[in-house]
Amino acid sequence: METILVLAHTEMDGSLGRPAREALTGARSLQSRLEGSTLIVGLVGADVKAAADAAAGCGADRFLGVSGAAFTQSRYATDAFAAEALCRAAGATLILAPGTSRWCRTLPGVAHRVGGRTDTHATDLSVADDAVSIVRWYYRQRMEATFRRTQRPWVILVDPGCLSPWDGAAGTASLHAVPVEIPAACLRTAVTGLQAPAADAQTIRPDADLLFVAGAGWTKTQPDGKAHTADAAKLILGFLRKSQASLGGSKSLVDLSGEGQAVLPFMTHLNQIGQTGATPRHPKGLATCCHGEEPHAVGWRFISERRAVNLDPNCGWARGKADVLYVADAFAVMAKVNALLAETTPA
């Protein structure tokens, strides 16, 4: 019999974030297929009562919590103490957690403390012959592996965006507080504030409904014999502001800065998708001025609707990779789209 612990930290407002609710979906799925298994929810944060009540209808057998001012912010020392205490209090054999930056840097160490093993970037969970297996992608999503472990406890970090978030009824959870004593030496790191770009300067939006991908064609010579990089930047940023889409870039585009060529000033390697970049999971994607199939055939694997704007109907991306192809000039298309959005979007 497995004792399944969903380990989650609260958001800044005390709520249960989407990645945590996705991990809860995975844990519920495992419990339903593992006979005699137990589901426990463990929460860490300044005040975890609201998060526990939000998940009260998930069917968990117990709710455990570690709370206090020391657990408000991400800090390895305090997070590790809290997670270890929850794992031991639950007697967990399977520990599922969202693959957030906070847990990714903490839980491998916790697994060592409790004598277990850990695996990160799980994209799916399954049960066969009463044994749990996880799915993990390797080599930038080109290879898929399914494997299991006999070692317990087993800590599994689930990549956000891979599972549907649990969305059940709230209620009143019976929360058991787990006491944790933090040595003074572990409180030396203090968060003094947060720095974030202005809303209109933010180009990476993981929760956006649309991924807008810019290719190197935006910086190339146009039909008039000149490059119009400044106009391209204005069109792209205007679209991002009006649509609140997330920005992705092909490898060829983000590499241009190292080649001494004109670049889009807001495009960095953090925006790169496919190949050695990120693997986005937005519902829809629109690629513009992109050539070749490799960056997007790999990077767009989890996007359900893929459209492209390209003057070349025979490029590798157009032939079989896009669901819909618009054979047109991206400058003209995006100028028209921005004009239409301006009519419907409040200033």
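What relative contact order, as a whole-number percentage, does the chain give when Cα pairs under 8 Å and 6 or more residues apart are counted? Intermediate results must be reported in sequence, preceding the final value.
Working: 719 pairs, mean separation 49.2, N = 347.
It comes to 14 percent, rounded to a whole number.
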For the chain, what does -39500 (n - 2.57) per DSSP helix run (n ≥ 4), summed and divided by total residues, give at 222 nm, in deg cm²/dmol to the nearest 500? -7500 deg cm²/dmol
Mind checking the angle between helix 330-344 and the chain's longest principal axis? C-alpha axes, 0 to 90 degrees, to the nearest 10. 60 degrees
Helix 229-243 sits off the longest principal axis of the Cα atoms of the chain, rounded to the nearest 10 on a 0 to 90 degree scale, by 50 degrees
Once you sort the root eigenvalues of the Cα gyration tensor of region 103-161 as a ≥ b ≥ c, which label holds: rounded (a/c under 1.5), prolate (a/b larger than b/c) or oblate (the other case)? oblate
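Net charge around Asp124, counting only other residues with Cβ within less than 15 Å of its Cβ (Lys, Arg = +1; Asp, Glu = -1)? Let's see the in-between values first.
Details: positive: Arg28, Arg33, Arg136, Arg148, Arg281, Arg301; negative: Glu22, Asp119, Glu144, Asp159.
Net local charge, Asp124 excluded: +2.
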Where a ≥ b ≥ c are the square roots of the eigenvalues of the C-alpha gyration tensor, would you call the chain rounded, which needs a/c under 1.5, or, failing that, prolate if a/b is larger than b/c, or oblate? prolate
Residue separation between Arg188 and Arg117 times 0.36 nm, minus their alpha-carbon distance, gives in nm 22.7 nm
Under 18 Å Cα-Cα from Lys226, which lysines qualify once same-chain neighbours fewer than 8 residues away are excluded? Lys234
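What trypsin sites (Lys or Arg not before Pro) does region 197-254 have in DSSP loop regions with at most 14 other beta carbons within 10 Å?
Details: sites: Lys220, Lys226, Lys234, Arg241, Lys242, Lys251; in loops: Lys220, Lys226.
Here the trypsin sites (Lys or Arg not before Pro) that fit, given the DSSP loop and packing criteria, are Lys226.
No value in this document is a laboratory result; all are computed from the given coordinates. Predicted model, so just to flag it, every value in this text is computed and none were measured. Cβ atoms come from the backbone with ideal geometry, glycine included; neighbour counts cover every protein chain shown.
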